[in-house]
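Participant: The following block contains the structure, expressed as structure tokens.
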Amino acid sequence: MSRSEMNRHDGGPLSRSVNVERMPQGRGAVTVEASQAECDALAKDFGIPGIRDLVGRFDLEGSLNRLRVTGTVEALVTQVCTVSLDPFEAKVSEPVEVEFTDTDQFVGTDAEDVDIPDPIVNGRIDFGALTAEFLALGLDPYPRKPGIAFEERQEDADEKPFAALARLRGSEPVPE
């Protein structure tokens, strides 16, 4: 899709609304490259120190009745290690596979009975929001800096649970 067919800033920190009704013969491709300002806004939303080089590459096939989107979202993210609390950079590469449909097709359908595709609203899909969503899915919820291992505290097996408290109070014996 050309830049003229994409609208920026329809909503959210990263927005690229594409008119899929203009897609040639049921096939197309969309690439979303986030600016550094958009990456910074997403990092703030996600609660991580940084994001850079965020790119979503998508292939589209099908019709407005059922449009299949596949691709990849990639970025370099700075996260904080849950063990050492040190920031570190990691590469995210998240595969994308989503189906979209026009909003009228599933009116009155119970969402628990069938896997309802995402909606195409007014002939448009926000590929920026899709990029942000799959980046969030690709983030490690418990990031660990490479080479860092969690070391459990070694406790004396013979020491009773309140022995440290007894030492603080004086040399009183600890009841069993």
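Participant: Could you figure out which of (1) more than 23 Å from PRO13 (Cβ to Cβ); (2) among the aliphatic types (A, V, I, L, M); (3) outside any strand (DSSP E or B) isn't true of ALA37?
Facilitator: In the conditions (1) more than 23 Å from PRO13 (Cβ to Cβ); (2) among the aliphatic types (A, V, I, L, M); (3) outside any strand (DSSP E or B), ALA37 misses (1) alone.
Participant: Does segment 24-34 hold any residues that are surrounded by fewer than 22 Cβ atoms within 10 Å (Cβ to Cβ) and farther than 19 Å from LEU139 by Cα, and which are they? Spell out the reasoning first.
Facilitator: Kept after step one, since they are surrounded by fewer than 22 Cβ atoms within 10 Å (Cβ to Cβ), are these residues of segment 24-34: 24-29, 31, 33.
Residues satisfying the conditions are PRO24, GLN25, GLY26, ARG27, GLY28, ALA29, THR31.
Participant: Need pairs with beta-carbon distance below 7 Å; first residue part of a loop (DSSP other than H, G, I, E, B) and within segment 65-90, second charged (D, E, K, R); sequence gap 6+ or separate chains.
Facilitator: Going by the 7 Å Cβ cut-off, the qualifying pairs are ASN65/ASP102; CYS81/ARG144; CYS81/LYS145; THR82/ARG144; VAL83/ARG144; SER84/LYS145; ASP86/LYS145.
Participant: Restricting attention to segment 40-64, which residues are assigned to a strand (DSSP E or B) and surrounded by fewer than 22 Cβ atoms within 10 Å (Cβ to Cβ)?
Facilitator: First, pick out the residues of segment 40-64 that are assigned to a strand (DSSP E or B): 50-63.
Across segment 40-64, the qualifying residues are GLY50, ARG52, ASP53, VAL55, ARG57, ASP59, LEU60, GLU61, GLY62, SER63.
Participant: Does segment 137-145 contain any residue that is in contact with a strand residue (DSSP E or B) (Cβ under 8 Å, 6 or more places away or on another chain), under 30 Å from GLU38 (Cβ atoms), assigned to a helix (DSSP H, G or I) and modelled with pLDDT of 75 or more?
Facilitator: As a first pass, look at segment 137-145 and keep what is in contact with a strand residue (DSSP E or B) (Cβ under 8 Å, 6 or more places away or on another chain): 137-140, 143, 145.
Okay, now just the ones that are also under 30 Å from GLU38 (Cβ atoms), so 137-140, 143, 145.
Pick out the ones that are also assigned to a helix (DSSP H, G or I) and you get 137-138.
Now narrow it down to the ones that are modelled with pLDDT of 75 or more: 137-138.
For segment 137-145, residues in contact with a strand residue (DSSP E or B) (Cβ under 8 Å, 6 or more places away or on another chain), under 30 Å from GLU38 (Cβ atoms), assigned to a helix (DSSP H, G or I) and modelled with pLDDT of 75 or more: present.
Participant: Answer yes or no as to whether VAL96 is part of a strand (DSSP E or B), out of contact with any Gly (no Cβ under 8 Å at 6 or more places or on another chain), within 29 Å of ASP115 (Cβ to Cβ) and modelled with pLDDT of 95 or more.
Facilitator: Values: part of a strand (DSSP E or B): yes; out of contact with any Gly (no Cβ under 8 Å at 6 or more places or on another chain): no; within 29 Å of ASP115 (Cβ to Cβ): yes; modelled with pLDDT of 95 or more: yes.
Taking the combined requirement at face value, the residue does not satisfy it.
Participant: When only residues in segment 1-22 that are among the hydrophobic types (A, V, I, L, M, F, W, C) and under 16 Å from THR131 (Cα atoms) count, which is modelled with the lowest pLDDT?
Facilitator: Of the residues in segment 1-22, the ones among the hydrophobic types (A, V, I, L, M, F, W, C) are 1, 6, 14, 18, 20.
With the extra rule that they be under 16 Å from THR131 (Cα atoms), the set shrinks to 1, 6, 14, 18.
Values: MET1: 46, MET6: 51, LEU14: 94, VAL18: 90.
Checking each candidate, the answer is MET1.
Participant: Another question, if that's okay. Mind listing whichever residues of segment 99-136 are polar (S, T, N, Q) and at pLDDT below 85?
Facilitator: So the first thing to find is which residues in segment 99-136 are polar (S, T, N, Q), and the list is 101, 103, 105, 109, 122, 131.
Residues satisfying the conditions are THR103, GLN105, THR109.
Participant: Let me ask you something else. Can you run down the residue pairs with Cβ atoms below 6 Å, 6 or more apart or on separate chains, where the first is in segment 118-144 and more than 21 Å from THR101 (Cβ to Cβ) and the partner is in a strand (DSSP E or B) and at pLDDT below 95?
Facilitator: Listed by first residue and then by second, the contacts come to nothing, as the list is empty.
Participant: Within segment 23-34, track down each residue that is at pLDDT 90 or above and in a loop (DSSP other than H, G, I, E, B). Don't jump to the end; show me each part of the working.
Facilitator: Of the residues in segment 23-34, the ones at pLDDT 90 or above are 29-34.
Hit for segment 23-34 is ALA34, nothing else.
Participant: Continuing with this model, one more query. Could you please tell me which pairs satisfy a Cβ distance under 6 Å, a separation of 6+ or placement on different chains, a first residue in segment 39-61 that is within 17 Å of VAL96 (Cβ to Cβ), and a second residue that is among the charged types (D, E, K, R) and at pLDDT below 95?
Facilitator: Once the first residue is within 17 Å of VAL96 (Cβ to Cβ) and sits in segment 39-61, its partners that are among the charged types (D, E, K, R) and at pLDDT below 95 give GLU61/ARG27; GLU61/ARG68.
The values are calculated or read from the model by the stated rules, or taken from the named source; none is laboratory data. Bear in mind the structure is a predicted one, so any value in this text is a computation, not a measurement. Ideal geometry is used to build each Cβ from the backbone, glycine not excepted, and the neighbour counts take in all protein chains shown.
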